[in-house]
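S.K.: Have a look at the structure that comes next, please.
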Amino acid sequence: MRKFSLFFTLILALLLGALTSPSLAQASPFREQLVYSLNLFNGKTYAPGFCPRSEDTIYLIANENNAVSPRITLVYFWPITARYMAGFKTLNEEIEGTLELLKDGKVIRSLEKEDNVVFYPEGFFAENSRMYLDEEAHAFLQKYEKATKDYYKRIDEYYEKMREYRDAFNKFLEDLSKRREAGEELSRAQVEAEMPRQPGSPEGVRFYTTPLAKNYILNLPQGTYQIRLRARDGTIVQDSQKNLVAFVQRRGGTIGYEITPGNRWTMKESSNDPSKTIYAAGKNTLYLRPFLQDEYNDLYYKKLLDPQNEGTPERWMWVHTTPIENVLVVLLSKGKLLESIKRAPYYVKQIPGPELGYEILEYSEEEFAGRSPSFEGHKLEVSSVSGKGNYEFHLEKREGEVLKGSEREILFVKKENTNLLHVISIFPLIVGLVVFVQRKRSIS
Amino acid sequence: MKKSVIYTVAIILIGAGCLISFLLLAREEYGEVKGTIADALSGDAVMQARIVVDGKSTIKFTSTSYSLTEIPPGSHTLEVTAPNYYDFTKPIQVKRGKNLVDIAMRGREIPDLQGIIIFTEPKERGIEIEIRFHDSKGEGIVDYPALPFTLEGALFVREGTEGDYEKGRKILEGPIELFWDSEEWLAKNKGIIPWDRIEIDAEKEKYGILQLVLHTPQGDFEDSSTDVKLFREVK
């Protein structure tokens, strides 16, 4: 027994020593490694990433363009996130060769690098993008370059107009003071009418095209494959062999909601399953953003986002893909129409001082000039005390045309008689006390 | 009861041992060729070194170790190529498991070498001479192997003013020690003139004129420096 406790103490001391060791908090040294640099379609946009040597499989969505590129870089382990990181800024060498695609051990395709760009129709920070190849890629790049060039031309013209405006404005002020000195009486409306108008700044380029890249493009039907890189000298490059899983969604095109609660706007929630109910308590302001959504395997999708992610193959997850616009959220209670709500932009204004709070205001360009809206959504105000009971809502494209699968129910959690819950929680203690007293009696 | 538990645990342990041994043996159907790859003279990593064994290859840029896995046991030839280095070929006998083969690459040339530019700096050990190489465009050459160079030169005391001077007393003539500085980017080749090799009047002789010749397999290259500090700088 003494030996055992000694052994146990030793093990504990070793574990404690290892856990408090400073080496655990330090990044491992850089190691040169062949990795796959990835630019994969995630259902709505393209997300860059990399697959280190430690991961043997790359996951991607079937029937979509996905770009991969084998490169030599320096890889290190970052213990804080327990992930391998790539030091592309220090070493980023492309490996020339042909990417071989294998199915059941046989080479089915040999791929060469292709020109590609990613096109963001609503700007780089918007939620959707597409990849274009070869001639289309060049066309989209030229379109962006031309739009940018035209924009800079408009900027030059704007600066020229601004210079003219300033000159005109100064002259106007001089004339105005001379006229006043001469005894002319001018009303405010008259001055405003004669005042030179400031030219409007030109609108920027709303879309964006990435610079031209050269990668191996994988656009594959659903299935499992292998890839490997054959160098120009005909040899297979070490560590270039990877498994490839091209997967599709289980269900698609249904409607999901992103819900921004008014009392904690940064903690967004979602309601993806039409059969699911939204629970609320008291008075609530909810901002809804409807999306088209696809359902993917949890493991596959998480590995697609980052090959080092963990996932559960038995689980499924919804992914919001395309925002649904130009619709109304129709709020009902007991089947009776309460409100048809349009989508609107909102601005989150921080309240200065010790309160450290915020208020969500309807955004308008006049009121918040030079600032962008914090988010957009359909504003729902629901309350359990209004006497309307529970709520339902759905989307309508036009009046009366309900979008299938958009129906949701808002149920209020009742707060009445909640003191009963406290009594129930004491019940096991009472039972324990009774048993204890009985046993004590029987012993005595 | 106790005995049966012991027997069961023993059987499970033996079974697990057999399984692990089988898996290890199955894994070792192939051999792994691994080792170090470095410049024979400097020990630095060899940029873009391509190592090939039995139809498999690996490329190294900044690393001095390599590994090629799943090589069938038997006789093979290990081939290594890298820009500006002589090809390296070695017949190897691959066994199951690990096979250590260290590679020392011999430098062939400095690409497009047209001339040298020298800079001097007084250091604790002596006067340090940086030797930079430039190409036909006049640009500094960055990636190059270590080659067997020799350096010789003559150091004179500089007499006169900074704008109007001439060579004075010769204070050194002959071979100058060379060394390799892996940390440098442009001037990896450096020379050193130890302080005890020069005798100067510290009060009067502050600056010197250095004339150098670098003997390389690609020819002899000359350069000079007219502002060699002949004193240790106080930091």
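S.K.: Which residue, of B:157, B:142, is more than 23 Å from residue B:42 (Cα to Cα) and β-branched (Val, Ile, Thr)?
M.R.: After applying the criteria, what remains is B:157.
S.K.: Let me ask you something else. Using the structure shown, decide if residue A:262 is surrounded by fewer than 16 Cβ atoms within 10 Å (Cβ to Cβ) and either of a type outside the set (A, V, I, L, M, F, W, C) or within 19 Å of the chain's Cα centre (by Cα) (or both).
M.R.: Working: surrounded by fewer than 16 Cβ atoms within 10 Å (Cβ to Cβ): no; either of a type outside the set (A, V, I, L, M, F, W, C) or within 19 Å of the chain's Cα centre (by Cα) (or both): yes.
For residue A:262, the condition - surrounded by fewer than 16 Cβ atoms within 10 Å (Cβ to Cβ) and either of a type outside the set (A, V, I, L, M, F, W, C) or within 19 Å of the chain's Cα centre (by Cα) (or both) - is not met.
S.K.: Here's another thing I want to ask about it. So, of the residues in segment A:293-344 that are in a strand (DSSP E or B) and of a type in the set (Asp, Glu), which turns out to be surrounded by the fewest Cβ atoms within 10 Å (Cβ to Cβ)?
M.R.: Looking at residues that are in a strand (DSSP E or B) and of a type in the set (Asp, Glu), I get A:339.
S.K.: Residues to consider are B:146, B:154; find the one that is in contact with a Ser or Thr (Cβ under 6 Å, 6 or more places away or on another chain) and aliphatic (A, V, I, L, M).
M.R.: Numbers: B:154 fails: in contact with a Ser or Thr (Cβ under 6 Å, 6 or more places away or on another chain).
On inspection, the qualifying residue turns out to be B:146.
S.K.: Residue under question is residue A:127, and the condition is that it be among the acidic types (Asp, Glu) and part of a loop (DSSP other than H, G, I, E, B); does it hold?
M.R.: It is true that residue A:127 is among the acidic types (Asp, Glu) and part of a loop (DSSP other than H, G, I, E, B).
S.K.: For segment A:89-102, give me the residue count where each residue is in contact with a Pro (Cβ under 9 Å, 6 or more places away or on another chain), part of a strand (DSSP E or B) and surrounded by 14 or more Cβ atoms within 10 Å (Cβ to Cβ).
M.R.: The number of residues fulfilling the criteria is 1.
S.K.: Out of segment A:103-118, which residues are within 17 Å of residue A:69 (Cα to Cα) and in a strand (DSSP E or B)?
M.R.: Of segment A:103-118, the ones within 17 Å of residue A:69 (Cα to Cα) are A:109-118.
Of everything in segment A:103-118, those that are within 17 Å of residue A:69 (Cα to Cα) and in a strand (DSSP E or B) turn out to be A:109, A:110, A:111, A:114, A:115, A:116, A:117, A:118.
S.K.: Let me ask something additional. Hey, can you tell me all the residues within segment A:46-88 that are open to solvent by 60 Å² or more (accessible area, probe 1.4 Å), assigned to a loop (DSSP other than H, G, I, E, B) and more than 14 Å from chain B (Cβ to nearest Cβ)?
M.R.: Matches in segment A:46-88: A:54, A:63, A:80, A:81, A:82.
S.K.: For the subset of segment A:388-444 comprising residues that are small (Gly, Ala, Ser) and assigned to a loop (DSSP other than H, G, I, E, B), which member is most open to solvent (accessible area, probe 1.4 Å)?
M.R.: A:444
S.K.: Can you report the number of residues in segment B:185-221 which are surrounded by fewer than 16 Cβ atoms within 10 Å (Cβ to Cβ) and in contact with a Ser or Thr (Cβ under 8 Å, 6 or more places away or on another chain)?
M.R.: 1
S.K.: Would you mind stating whether residue B:79 is part of a strand (DSSP E or B) and of a type in the set (Asp, Glu)?
M.R.: Judged against the criteria, residue B:79 is a match.
S.K.: Right, another one. Any residue in segment A:203-232 that's over 14 Å from residue A:130 (Cα atoms): show its pairings with residues that are at pLDDT below 95 at Cβ separation under 6 Å, as long as the two are six or more apart or on different chains.
M.R.: The qualifying pairs are A:206/A:123; A:232/A:96.
S.K.: Looking only at segment A:274-291, decide whether some residue is in contact (Cβ under 8 Å) with a residue 24 or more places away in the chain, among the basic types (Lys, Arg), more than 14 Å from chain B (Cβ to nearest Cβ) and closer than 21 Å to residue A:40 by Cβ.
M.R.: Looking for residues that are in contact (Cβ under 8 Å) with a residue 24 or more places away in the chain, among the basic types (Lys, Arg), more than 14 Å from chain B (Cβ to nearest Cβ) and closer than 21 Å to residue A:40 by Cβ, one finds none in segment A:274-291, hence no.
S.K.: Before we move on, is residue A:155 surrounded by fewer than 14 Cβ atoms within 10 Å (Cβ to Cβ) and either without any contact (Cβ under 8 Å) to a residue 60 or more places away in the chain or within 14 Å of chain B (Cβ to nearest Cβ) (or both)? Don't jump to the end; show me each part of the working.
M.R.: Values: surrounded by fewer than 14 Cβ atoms within 10 Å (Cβ to Cβ): yes; either without any contact (Cβ under 8 Å) to a residue 60 or more places away in the chain or within 14 Å of chain B (Cβ to nearest Cβ) (or both): yes.
For residue A:155, the condition - surrounded by fewer than 14 Cβ atoms within 10 Å (Cβ to Cβ) and either without any contact (Cβ under 8 Å) to a residue 60 or more places away in the chain or within 14 Å of chain B (Cβ to nearest Cβ) (or both) - is met.
Each row is one residue, and each column tells you yes or no for (1) modelled with pLDDT under 95; (2) open to solvent by 30 Å² or more (accessible area, probe 1.4 Å); (3) among the acidic types (Asp, Glu).
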{"residue": "B:79", "(1), (2), (3)": "no, yes, yes"}
{"residue": "B:84", "(1), (2), (3)": "no, no, no"}
{"residue": "B:92", "(1), (2), (3)": "no, no, no"}
{"residue": "B:95", "(1), (2), (3)": "no, yes, no"}
{"residue": "B:102", "(1), (2), (3)": "no, yes, yes"}
{"residue": "B:108", "(1), (2), (3)": "no, yes, no"}
{"residue": "B:115", "(1), (2), (3)": "no, no, no"}
{"residue": "B:127", "(1), (2), (3)": "no, no, no"}
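S.K.: Within segment B:38-85, work out how many residues are within 11 Å of chain A (Cβ to nearest Cβ), in contact (Cβ under 8 Å) with a residue 40 or more places away in the chain and β-branched (Val, Ile, Thr).
M.R.: 3
S.K.: So for segment A:198-212 (the condition being under 25 Å from residue A:120 (Cβ atoms), in contact with a His (Cβ under 9 Å, 6 or more places away or on another chain) and surrounded by 11 or more Cβ atoms within 10 Å (Cβ to Cβ)), does at least one residue qualify?
M.R.: yes
S.K.: Of all residues in segment A:103-146, which are closer than 17 Å to residue A:42 by Cβ and surrounded by fewer than 16 Cβ atoms within 10 Å (Cβ to Cβ)?
M.R.: Matches in segment A:103-146: A:121, A:122, A:124, A:125, A:126, A:127, A:128.
S.K.: Continuing with this model, one more query. Which of the residues belonging to segment B:37-67 are open to solvent by 50 Å² or more (accessible area, probe 1.4 Å) and of a type in the set (A, V, I, L, M, F, W, C)?
M.R.: Listed by number, the residues that qualify are B:40, B:41, B:47.
S.K.: Can I ask one more? Quick test of your reading of the structure: residue A:79 fulfils all but one of (1) at pLDDT below 95; (2) closer than 30 Å to residue A:294 by Cα. Name the failing condition by number.
M.R.: Going through the list (1) at pLDDT below 95; (2) closer than 30 Å to residue A:294 by Cα, residue A:79 breaks only (2).
S.K.: Only one residue in A:127, A:160 is of a type in the set (Asp, Glu) and within 28 Å of residue A:373 (Cβ to Cβ), so which one is that?
M.R.: A:127
S.K.: Continuing with this model, one more query. Tell me which residues, restricted to segment A:86-107, are over 28 Å from residue A:222 (Cα atoms) and without any contact (Cβ under 8 Å) to a residue 12 or more places away in the chain.
M.R.: Across segment A:86-107, the qualifying residue is only A:89.
S.K.: Continuing with this model, one more query. How many residues does segment A:229-250 hold that are buried (at least 19 other Cβ atoms within 10 Å of the Cβ) and more than 10 Å from chain B (Cβ to nearest Cβ)?
M.R.: Going through segment A:229-250 one residue at a time, the tally reaches 6.
The values are calculated or read from the model by the stated rules, or taken from the named source; none is laboratory data. Given the structure is predicted, the values throughout are model-derived calculations rather than measurements. Note: ideal-geometry Cβ built from the backbone for every residue, glycine included; neighbour counts use all protein chains shown. All accessible areas refer to the heavy atoms of the entire protein, side chains included, with ligands and DNA or RNA removed. Shrake-Rupley method; radii C 1.70, N 1.55, O 1.52, S 1.80 Å.
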